[in-house]
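Okay, structure first, notes after.
The values are calculated or read from the model by the stated rules, or taken from the named source; none is laboratory data. Note that the structure is predicted; figures quoted are calculated from it, not measured. Glycine gets a Cβ as well: all are built from the backbone with ideal geometry, and neighbour counts include every protein chain shown.
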């Protein structure tokens, strides 16, 4: 029996969940659309794009940001149109991916580093810092498929999932926005950490496609809880009125072409004891 309830079905490949005010924002990546869903399952398409959307975030004035993956850029969502915020094509060697945004509006954007679905050999890559005015630079190097990220509530530390290194890596955030003092936060064994979120006790929920599970882990790698959803989980986020609903975004494939045909994407939910904390 699955540990979750299915809230939404018929999606293509849901990713990058963010709880904002009274609803979950996410990208249906291979359907090329930005969407929201309420806790009772009312889904709405906010914008269709001509590029697969990656991570989401917000500037301090409430303006949404979205990653355009293949174009390797970050856009501001102004009404129902996109306005270029930062061009990352000169810094990202392949598709951009997830993103986390600080309270001050600085975005940290990951990228594949190589053509994953095209069969290219794995290559290390970096995180890119994007300032609120759109200036961008490399913030940290030597990462193996940097994916979901969280920032601690005090704003001092960024923790990133290195999917194909099976680990969470922490960095201190410098006053200049660059990331330094990298250290292992948790090694996750056979898990492949994709999307992650932080709770009020400082533990991290980790969506792991390879093990078809969502893990709650503490610093050092102890597994505190494990949830098995109906589908393969690619991302998770704590939300709901009390931030105790764990939204799990799942699909049966991450292949862009198969996903469009299968439409197996779901949003699943589970109630947890410890609420979410910090930036989404």
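Points worth noting:
- Residues of segment 220-238 that are closer than 22 Å to residue 12 by Cβ and without any contact (Cβ under 8 Å) to a residue 40 or more places away in the chain: 231, 232, 233.
- Test result for residue 241, in contact (Cβ under 8 Å) with a residue 40 or more places away in the chain, touching a helix residue (DSSP H, G or I) at 6+ places or on another chain (Cβ under 6 Å) and surrounded by fewer than 20 Cβ atoms within 10 Å (Cβ to Cβ): no
- No other residue among 110, 142, 134 is touching a strand residue (DSSP E or B) at 6+ places or on another chain (Cβ under 9 Å), part of a strand (DSSP E or B), modelled with pLDDT of 95 or more and surrounded by fewer than 15 Cβ atoms within 10 Å (Cβ to Cβ) apart from 142.
- Taken over segment 261-280, residues that are modelled with pLDDT of 95 or more and either assigned to a strand (DSSP E or B) or closer than 30 Å to residue 115 by Cβ (or both) amount to 12.
- Going through (1) free of Cβ contacts under 8 Å to residues at least 40 places away in the same chain; (2) surrounded by fewer than 21 Cβ atoms within 10 Å (Cβ to Cβ); (3) under 18 Å from the mean Cα position of the chain (by Cα) one by one, residue 119 falls short only on (3).
- Conditions (1) in a strand (DSSP E or B); (2) surrounded by fewer than 24 Cβ atoms within 10 Å (Cβ to Cβ); number of the one not met by residue 74: (2)
- Within segment 27-56, being under 25 Å from residue 131 (Cβ atoms) and in contact (Cβ under 8 Å) with a residue 60 or more places away in the chain holds for one residue alone: 52.
- Among the candidates 57, 62, residue that is modelled with pLDDT of 95 or more, assigned to a loop (DSSP other than H, G, I, E, B) and over 26 Å from residue 258 (Cα atoms): 62
- Boolean, residue 210 is modelled with pLDDT of 95 or more and part of a loop (DSSP other than H, G, I, E, B): yes
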